[in-house]
1. State all residues of the range 98-119 that are within 18 Å of the chain's Cα centre (by Cα) and open to solvent by 60 Å² or more (accessible area, probe 1.4 Å); if no residue qualifies, say none.
2. Restricting to the range 1-44, name every residue that is in contact (Cβ under 8 Å) with a residue 60 or more places away in the chain and farther than 17 Å from ALA85 by Cβ.
3. Do you know which residues across the range 27-41 are small (Gly, Ala, Ser) and over 19 Å from the mean Cα position of the chain (by Cα)?
4. Quick one: count up the residues across the range 52-64 that are out of contact with any helix residue (DSSP H, G or I) (no Cβ under 7 Å at 6 or more places or on another chain) and open to solvent by 10 Å² or more (accessible area, probe 1.4 Å).
5. Tell me, please, whether a residue that is modelled with pLDDT of 95 or more and charged (D, E, K, R) can be found in the range 115-122.
6. If you take the residues of the range 68-84 that are under 14 Å from the mean Cα position of the chain (by Cα) and open to solvent by 10 Å² or more (accessible area, probe 1.4 Å), which of them is modelled with the lowest pLDDT?
7. Which residues, taken from the range 158-192, are free of Cβ contacts under 8 Å to residues at least 24 places away in the same chain and surrounded by fewer than 14 Cβ atoms within 10 Å (Cβ to Cβ)?
Amino acid sequence: MFRRYVEEVSLCLDKAWGPLLTKAGLRYTKPKVVLSYGERVKTSCGIYAPDATDSVYCPNTKTVHMMVSDYGLKGEIDKPQLLEALSTGYAIHVQNVAGIMNAVAKTMKKLSKRDALALQSRYTLQTLCFSGAFTGSVWDSLGHTREHGQDYYIDRHVIDGNFAGLGKASNRVYWIRRGFESESPSACNTFTAPAARVK
């Protein structure tokens with residue numbers, strides 16, 4: 001059941017992102033999606049021990065590794081962790097295909113630690129906004145409830161705390177909601193946003 005869900009949503013993600021990148025003059029290539037279950041998951045960029053449903057994107061192999069746990073599968077409709085993990089993995093793939101990932105990595109090497117973390121924060125917040133844009137566009141059609149699911153998907157980031165390079169909790173919520181409500185990646189240019197919105 002969950003494998004089919006991941007396959008179907010992956011097709012939807014390809015249909016959403018492919019034409020947008022092609023229109024921008026970029027060559028879109030589909031990422032490979034690998035679904036793994038267990039407490040220890042081997043990926044093409046290392047071994048992970050997920051304590052919840054999550055994903056990791058490996059740029060060298062252009063693979064979104066979906067890691068599924070028992071805990072993560074509980075209440076998927078109201079706590080759509082598979083959808084969030086998959087759309088986030090795809091968002092990073094899009095940043096890779098578009099050259100954003102490489103440009104940020106090269107620029108960070110030339111910056112002070114503080115400025116590098118500030119740039120990393122802009123990159124991470126764009127990832128979340130991209131994920132939110134796709135998720136918002138398919139939310140109702142996938143049967144997720146606004147009353148609980150949206151609160152979990154967006155507002156739960158408030159309790160995750162503030163981390164250098166990942167953006168303050170309030171800004172993570174801002175960019176996820178901005179993407180979710182606009183349903184468009186055009187709302188996600190964190191690189192030109194005011195510094196206060198990307199700390």
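1. Listed by number, the list holds a single entry, ASN102.
2. First, pick out the residues of the range 1-44 that are in contact (Cβ under 8 Å) with a residue 60 or more places away in the chain: 2, 5-6, 9-10, 12-13, 16-17, 20-21, 24, 26-29, 31.
Listed by number, the residues that qualify are LEU20, LEU21, ALA24, LEU26, ARG27, TYR28, THR29.
3. First, the residues of the range 27-41 that are small (Gly, Ala, Ser): 36, 38.
Result: GLY38, single match.
4. Of the residues in the range 52-64, the ones out of contact with any helix residue (DSSP H, G or I) (no Cβ under 7 Å at 6 or more places or on another chain) are 56, 58, 60-61, 63.
Restricting the remaining residues to those that are open to solvent by 10 Å² or more (accessible area, probe 1.4 Å) gives 56, 60-61.
Of the residues in that region, 3 qualify.
5. yes
6. Our first condition is that a residue be under 14 Å from the mean Cα position of the chain (by Cα); within the range 68-84, this holds for 80-84.
From what's left, open to solvent by 10 Å² or more (accessible area, probe 1.4 Å): 81, 84.
Values: GLN81: 83, GLU84: 91.
Restricting to residues being under 14 Å from the mean Cα position of the chain (by Cα) and open to solvent by 10 Å² or more (accessible area, probe 1.4 Å), the top hit is GLN81.
7. VAL158, ILE159, ASP160, GLY161, ASN162, PHE163, SER170, SER186, THR192
The values are calculated or read from the model by the stated rules, or taken from the named source; none is laboratory data. Everything numeric here is computed off the predicted structure, so don't read it as measured data. Glycine gets a Cβ as well: all are built from the backbone with ideal geometry, and neighbour counts include every protein chain shown. Heads up: the accessible areas ignore ligands, DNA and RNA and are worked out on the full protein's heavy atoms, side chains in. Shrake-Rupley method; radii C 1.70, N 1.55, O 1.52, S 1.80 Å.
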